[in-house]
Amino acid sequence: MSAQDEPMFMVMADAQGQIFDHPELLMLCRHGRQWGRPRPDEMIPLPKESELFLLPGRYAVGLDSHGETQVTEHLAVAAFLAPAHTLSAHPCYVQADNAPMLPLFAYGAVGFARGRFYVCAKKVDNDPRQQFSQIPRKRIEQKAALLKKRYAANRLVQHILNNCVARYDCPAARNFALGRFEAPLPSSRTCNARCLGCISKQDEDSPIAVTPQCRLAFIPKAQEIAEVMQIHASREVERPIYSFGQGCEGDPLQNAQLLEQSIALFRQNGGAGTVNINTNGSRPEVLPALAKAGLTSIRISINSAREELYTAYYRPNGYHFSDVLESVRLARSLGLFVSLNLLFFPGVSDTEEELAALSELVGENGVSMIQLRNLNIDPAWYLNYLEQGPGLPATSGMGLATFMKRLKRLCPWLRFGYFNPWLGERAELSAPLPGTWQTPEKDQSKLQH
Ligand code: SF4
């Protein structure tokens, strides 16, 4: 019998924080406003390096043998997934009036069957780059200490190792210390957006009190950034990736000239590998110079391909959604590999409205990849926020797996994943050039006329 056929029991926690499964009540999960049993194809065993959370002020809800929902007096439990996994449903619970807002994590629906936990999610990337369970902490610390001593004058090296590794435990920074995969290049202190779920800065009156990573306190020089890239290139010799745009900074395009100088310096000295920018994509006008300097790829974050939802979440200051679209288009025309960092929220991102808008955005503008990241936010709070603002999509979520299948059918070149891929210095692109896309439907209508 597979996990899909057997009864999946509700998971809950007592006041002492002990987590256990309910002997009778079945698990329920939430896709947007819809509550129900998990879909047959959406349960996977809880991945290694995931964590279970107790949800304060929220009471677990399950399904009894008569098909009735039952609210328990036990706390609801959720899973925060290991990287490379995307949530397909949130947990069901009833919230007390005085329940505190949940901090900025993604909350996955958990169930229990045959002696193990399961979660509503999908593994979307096989890259092991953020797996650390086999690496002793001591080894990371020793390697970090050596680098700190050797590059004592480089403030960016010191920032990455003292703050990002030691204080925030950032996976990208730990990889830099280890000399593997993708190195982070934080460079910007400011941003022209005010994302609801920004982890590096919140408004003073924001209900989201937690700021997990503080923005870096200085702007590095181009030489310091290029040196970080060179250090990484000398240690990760096979598939090095260098990425601007990290959790401890604002948006890197705010300092486009600095980026251009750093990339040019690195490339002029024979620097090899994939240079990438993670950004909100708000400044298309700076992209030609960056491409000329040697940028390989750009990852643009969106929570939605529809302007109203995008604007409600990003709260842009001095740019518009049309600038983001222009960045995608221009980047593809300049020969850059364009990924979308889709902040996926089950029951909103996978609706018909979103699929139509996203396929249009991908196809018309030449997106090569979608990185399916989880939107880290209190799920009930976000749904209420959208409802009171632009409104929730009218259709229900189709499920993550179906959403991916249908998007791939419309845009067959599209790659899915979770991490920035290694692409060499310059990517081979199969995404259509802007304005040349023909959907299968369009082809069909052509044949009929
Ligand atoms: S674009 Fe990035 S840095 Fe800017 S507000 Fe949003 S999450 Fe924060």
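Only the coordinates and a few stated rules stand behind these numbers; no lab work does. Just so we're clear, the structure is a prediction, and the values are computed from it rather than from any experiment. Positions of Cβ are generated from backbone atoms using ideal geometry, with glycine treated the same way; all protein chains shown enter the neighbour counts.
Which residue, of GLU224, GLU249, GLU260, is part of a loop (DSSP other than H, G, I, E, B), in contact with a Leu (Cβ under 6 Å, 6 or more places away or on another chain) and of a type in the set (Asp, Glu)? Give the steps one after another, and end with the answer.
Details: GLU224 fails: part of a loop (DSSP other than H, G, I, E, B); GLU260 fails: part of a loop (DSSP other than H, G, I, E, B).
Of GLU224, GLU249, GLU260, the one residue that is part of a loop (DSSP other than H, G, I, E, B), in contact with a Leu (Cβ under 6 Å, 6 or more places away or on another chain) and of a type in the set (Asp, Glu) is GLU249.
Do you know which of the residues in the range 227-272 that are hydroxyl-bearing (Ser, Thr, Tyr) and more than 16 Å from the ligand (Cβ to nearest atom) is surrounded by the fewest Cβ atoms within 10 Å (Cβ to Cβ)? Before the answer, list the steps.
Kept after step one, since they are hydroxyl-bearing (Ser, Thr, Tyr), are these residues of the range 227-272: 234, 242-243, 262.
Checking which are more than 16 Å from the ligand (Cβ to nearest atom) leaves us with 234, 242, 262.
Working: SER234: 10, TYR242: 28, SER262: 30.
Across the range 227-272, the extreme among qualifying residues is SER234.
All but one of (1) in contact (Cβ under 8 Å) with a residue 60 or more places away in the chain; (2) away from the ligand (no atom under 16 Å from the Cβ) hold for GLN158; state the number of the condition that does not hold.
All conditions are met except number (1).
Which one is surrounded by the most Cβ atoms within 10 Å (Cβ to Cβ), of the residues in the range 115-140 that are assigned to a helix (DSSP H, G or I) and in contact (Cβ under 8 Å) with a residue 24 or more places away in the chain?
ILE140
Give the range 198-216 a look and list any residue that's within 15 Å of the ligand (Cβ to nearest atom) and of a type in the set (A, V, I, L, M, F, W, C), or say none. Outline the logic, then answer.
Filtering the range 198-216 down to residues within 15 Å of the ligand (Cβ to nearest atom) leaves 198-204, 206, 208, 210-216.
Within the range 198-216, CYS198, ILE199, ILE208, VAL210, CYS214, LEU216 meet the criteria.
Considering only the range 273-292, state which residues are within 16 Å of the ligand (Cβ to nearest atom) and hydroxyl-bearing (Ser, Thr, Tyr).
Within the range 273-292, the first condition is being within 16 Å of the ligand (Cβ to nearest atom), and the residues that meet it are 276-284, 286.
Result: THR279, SER282.
So the check is Cβ under 7 Å with 6+ separation or different chains; which pairs have a first residue in the range 185-197 that's within 21 Å of ASN175 (Cβ to Cβ) and a second one that's near the ligand (Cβ under 7 Å from one of its atoms)?
PRO186/GLU249; SER187/GLU249; SER188/GLU249; SER188/GLY250; SER188/ASP251
Of the residues that make up the range 332-350, is at least one crowded, with 24+ Cβ neighbours inside 10 Å and more than 18 Å from the chain's Cα centre (by Cα)?
yes
Please go through (1) within 13 Å of the ligand (Cβ to nearest atom); (2) touching a residue at least 12 places away in the same chain (Cβ under 8 Å) for ASN175 and return the number of the only condition it doesn't satisfy.
The number of the failed condition is (1).
Looking at this structure, is SER188 surrounded by 18 or more Cβ atoms within 10 Å (Cβ to Cβ) and within 12 Å of the ligand (Cβ to nearest atom)? Please lay out each step first, then the result.
Working: surrounded by 18 or more Cβ atoms within 10 Å (Cβ to Cβ): yes; within 12 Å of the ligand (Cβ to nearest atom): yes.
Against the criterion (surrounded by 18 or more Cβ atoms within 10 Å (Cβ to Cβ) and within 12 Å of the ligand (Cβ to nearest atom)), SER188 qualifies.
Kindly indicate whether ALA183 is part of a strand (DSSP E or B) and either within 14 Å of the ligand (Cβ to nearest atom) or crowded, with 22+ Cβ neighbours inside 10 Å (or both).
yes
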